[in-house]
Amino acid sequence: MNFDFANIQQQIAEDKNQIASVQDLERLRLKYLAKKGIIAELYAALGSLPPEQKALVGKNANIWRQELEAFIAAKKTDLAKAAPTLGGTAIDVTLPGVALPLGHAHILTTVMEDICAIFEKLGFAVVEGPEMETEFNNFDGLNIPPEHPARDGLDTFYVEIPDPAAPGKKLLLRSQTSPMQIRVMREHQPPLAVVVPGKVYRPDAVDASHSFMFHQIEGLLVDKDVKFSDLKGLLTSFCRKFFGTDIRMRLRPHYFPFTEPSAEVDISCYLCGGKGCSVCGRKGWLEIMGCGMVHPNVFQAVGYPPDVYTGLAFGLGVERIAMLKYGIKDIRLFYDGDERFLRQF
Ligand code: DAH
């Protein structure tokens, strides 16, 4: 039998070069040093060899075995040193990872997005405004002068920052999203149609249905010849899309300083369908928003000629709508951050 020593030698060298992991190292050991490995084969062949070859093959086999054993031991230490560790303990990066639970949007965000999406389809643009406002935009421009009783319920958190545009006046946390009416009209000429989602602040004591901070969506559409019937049609479309086609809507006369005429919007109770139950307080109707035709004084405040343009406006409380739609009894649940509540939506 003839042994190609050079070939075996070269093969060992190549195999050693390929080693990149503990697994490769084990494959190398099995190939050469295992019971049926190449070195074992050489030893097994010794008995049938002529004496002059026997010595040479035996010598080579011994050298390769020792070399390979030394190489494997040294490489094992090197690989262990290079392996990733955490606080000194080796970690196996090939183990399957721990999957992080996927989060999702907060229910209030989802409801706001759903509402805005309906109005976007009807041609409205979604715009946002600052939570810190001027007294003018929050009150005066909206036809709520300083002595007006409507300020009481809305009078809010003033900030120790002077209004750069009005000497002696301070900025405040807006108590409604309506001031964005003023900002939008000052920046754009009609025709325009916007919805404004955002946070508002009021000096209200917190209970099951009140919070010092909550979310509103304001709507404003200005053009020539906008009529009250447009307002009614628009809001009917919205209610059907958001609450379902079997819902009925009614407008109830009301007062808001920045609209004339003004109305509150009710929908038939989703629970009793209008018969009267504990959810609707036996009325059969649930109030969901305020609305009206833009007051000429508001147009005057922004420099629009009131005899040329008419407009419709509406404002809704997001928490209230979400509570009605999903049967949520306590507004504080939205803000507590309790995952058992949040995961339901
Ligand atoms: N800003 C009112 C509020 O906070 C809601 C509102 C009512 C907005 C009627 C409007 C509107 O634009 O026309 O109570």
Of the candidates 302, 294, the one satisfying the condition of being surrounded by fewer than 20 Cβ atoms within 10 Å (Cβ to Cβ), within 16 Å of the ligand (Cβ to nearest atom) and touching a residue at least 40 places away in the same chain (Cβ under 8 Å) is 302
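Listed here are the residues, each with its yes/no results for (1) within 16 Å of the ligand (Cβ to nearest atom); (2) closer than 30 Å to residue 145 by Cα.
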| site | (1), (2) |
| --- | --- |
| 259 | yes, yes |
| 268 | no, no |
| 272 | no, no |
| 313 | yes, yes |
| 318 | yes, yes |
| 331 | yes, no |
Which condition from (1) out of contact with any Pro (no Cβ under 9 Å at 6 or more places or on another chain); (2) part of a helix (DSSP H, G or I); (3) open to solvent by 70 Å² or more (accessible area, probe 1.4 Å); (4) not small (Gly, Ala, Ser) is the one that residue 113 breaks? (1)
Taking region 60-86 and keeping residues closer than 17 Å to residue 5 by Cα and surrounded by 11 or more Cβ atoms within 10 Å (Cβ to Cβ) leaves 60, 61, 62, 63, 64, 65, 67, 68
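Is it the case that some residue within region 91-107 is over 30 Å from residue 21 (Cα atoms) and surrounded by 14 or more Cβ atoms within 10 Å (Cβ to Cβ)?
Scanning region 91-107 turns up at least one residue that is over 30 Å from residue 21 (Cα atoms) and surrounded by 14 or more Cβ atoms within 10 Å (Cβ to Cβ).
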Are any residues in region 162-215 within 12 Å of the ligand (Cβ to nearest atom) and assigned to a strand (DSSP E or B), and if so, which ones? 194, 195, 196, 198, 200, 201, 214, 215
Just one of (1) out of contact with any Ser or Thr (no Cβ under 9 Å at 6 or more places or on another chain); (2) touching a residue at least 24 places away in the same chain (Cβ under 8 Å) trips up residue 217, so point out which. (1)
Filter region 279-291 down to the residues that are more than 14 Å from the ligand (Cβ to nearest atom) and either in a strand (DSSP E or B) or under 34 Å from the mean Cα position of the chain (by Cα) (or both) and list them by number. 279, 280, 285, 286
Taking the residues in region 321-335 that are open to solvent by 70 Å² or more (accessible area, probe 1.4 Å) and at pLDDT below 95 as candidates, determine which candidate is nearest to residue 211 (Cα to Cα). 329
Got a sec? Which helices (runs of 4 or more DSSP H) wholly within region 1-59 have at least 1 residues that are free of Cβ contacts under 8 Å to residues at least 12 places away in the same chain, open to solvent by 90 Å² or more (accessible area, probe 1.4 Å) and among the polar types (S, T, N, Q)? 5-17, 22-33
Give 243, 238, 228, 258 a once-over and let me know the one that is in contact (Cβ under 8 Å) with a residue 60 or more places away in the chain, over 18 Å from residue 119 (Cβ atoms) and out of contact with any Pro (no Cβ under 9 Å at 6 or more places or on another chain). 258
Selection status of residue 322, within 14 Å of the ligand (Cβ to nearest atom) and either part of a helix (DSSP H, G or I) or in the same structural domain as residue 255 (by TED's automatic domain parsing) (or both): no
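The values are calculated or read from the model by the stated rules, or taken from the named source; none is laboratory data. Everything quoted here is computed from the prediction, not taken from an experiment. Don't worry about glycine lacking a Cβ; one is built from the backbone with ideal geometry, like all the others, and counts go over all protein chains shown. Note: areas computed on protein heavy atoms with side chains; ligands, DNA, RNA excluded. Shrake-Rupley method; radii C 1.70, N 1.55, O 1.52, S 1.80 Å.
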